[in-house]
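Here's the structure we're looking at; comments come further down.
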Amino acid sequence: SGIYPERLELGSVAMLGGVVDCLAFSKSKSPTLVLEIGADATHSFIVSAAGVEASRPIPQGLEAMVPIVQKELGLKDEESARKLFYSNTFDFTGMGPLLIKRLLRELQSSIGFYEVQTGQSVGQVLCTQLSPKLAWLDAAIAGELGISRLKLDPAPWLQSRHIALPEALAKNAQDIRWFGLLSLMAHYHSAPAHAAVPEEKT
């Protein structure tokens, strides 16, 4: 159709830029653990209002939890365990600490190294790619790490960047999986609405 993009940008980069700017907008002082948990790997980032301070790929993802589900629930094969794991028909909250045990070990190592190097404590976690069916996983990670879950309300931040959401989309925007796309809309080289902007003289 002769339609071509004007530019390409990594979704993770846009998302991280949005989180950093959002932390600055809310005047958050707490370093934040941002997790992109995929099927086969997890990308871990520690960010603050000043920018991305640490990053690490971890070869542990959602698929690594499936054999544990199979074993703990006595299911006949991994496919049955996989269907149950990704469905919303079973409450995995109680099993959460067991399912994330290996991932948690890697996260604790990364956080510990960061805190020793900087003297700052990571105080909150944000999981950006989990579907609502896996929301219990976000809570399990926060609980086992002993930190809070970061709840981003994009509307005030977007407004500070002169982006208005129609009422019909405001609820959908609360889903963190949309945050990366919303972050692509912001222009960070311009001062946000909450910042003082000097008047131009003509």
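Brief remarks follow.
- Restricting attention to segment 161-183, the residues that are touching a Ser or Thr at 6+ places or on another chain (Cβ under 6 Å) and over 13 Å from Leu130 (Cα atoms) total 0.
- Residues in segment 94-151 that are at pLDDT 95 or above and among the acidic types (Asp, Glu): Glu106, Glu115, Glu144.
- Hey, Leu33 open to solvent by less than 30 Å² (accessible area, probe 1.4 Å) and not aromatic (Phe, Trp, Tyr) or not: yes
- Here Phe113 fulfils each of the conditions (1) touching a residue at least 60 places away in the same chain (Cβ under 8 Å); (2) of a type in the set (Phe, Trp, Tyr); (3) open to solvent by 30 Å² or more (accessible area, probe 1.4 Å) apart from (1).
- Gly94 within 28 Å of Met185 (Cβ to Cβ) and either surrounded by fewer than 14 Cβ atoms within 10 Å (Cβ to Cβ) or in contact (Cβ under 8 Å) with a residue 40 or more places away in the chain (or both): no
- Taking segment 46-67 as the range and being loosely packed, with under 14 Cβ neighbours inside 10 Å and among the small types (Gly, Ala, Ser) as the test, the residues that pass are Ala50, Gly51.
- With respect to the stated conditions, Ser55 fails to be closer than 26 Å to Gly146 by Cβ, in contact (Cβ under 8 Å) with a residue 40 or more places away in the chain and of a type in the set (Ser, Thr, Tyr).
- Some residue of segment 68-86 being surrounded by fewer than 18 Cβ atoms within 10 Å (Cβ to Cβ), in contact with a helix residue (DSSP H, G or I) (Cβ under 6 Å, 6 or more places away or on another chain) and in contact (Cβ under 8 Å) with a residue 40 or more places away in the chain: no
- Taken together, the residues in segment 156-172 that are surrounded by 12 or more Cβ atoms within 10 Å (Cβ to Cβ), free of Cβ contacts under 8 Å to residues at least 40 places away in the same chain and within 17 Å of the chain's Cα centre (by Cα) amount to 0.
The values are calculated or read from the model by the stated rules, or taken from the named source; none is laboratory data. Predicted model only: the values in this text are computed from it and were never measured. Note: ideal-geometry Cβ built from the backbone for every residue, glycine included; neighbour counts use all protein chains shown. Keep in mind that these areas ignore ligands, DNA and RNA; they rest on the heavy atoms of the full protein, side chains included. Shrake-Rupley method; radii C 1.70, N 1.55, O 1.52, S 1.80 Å.
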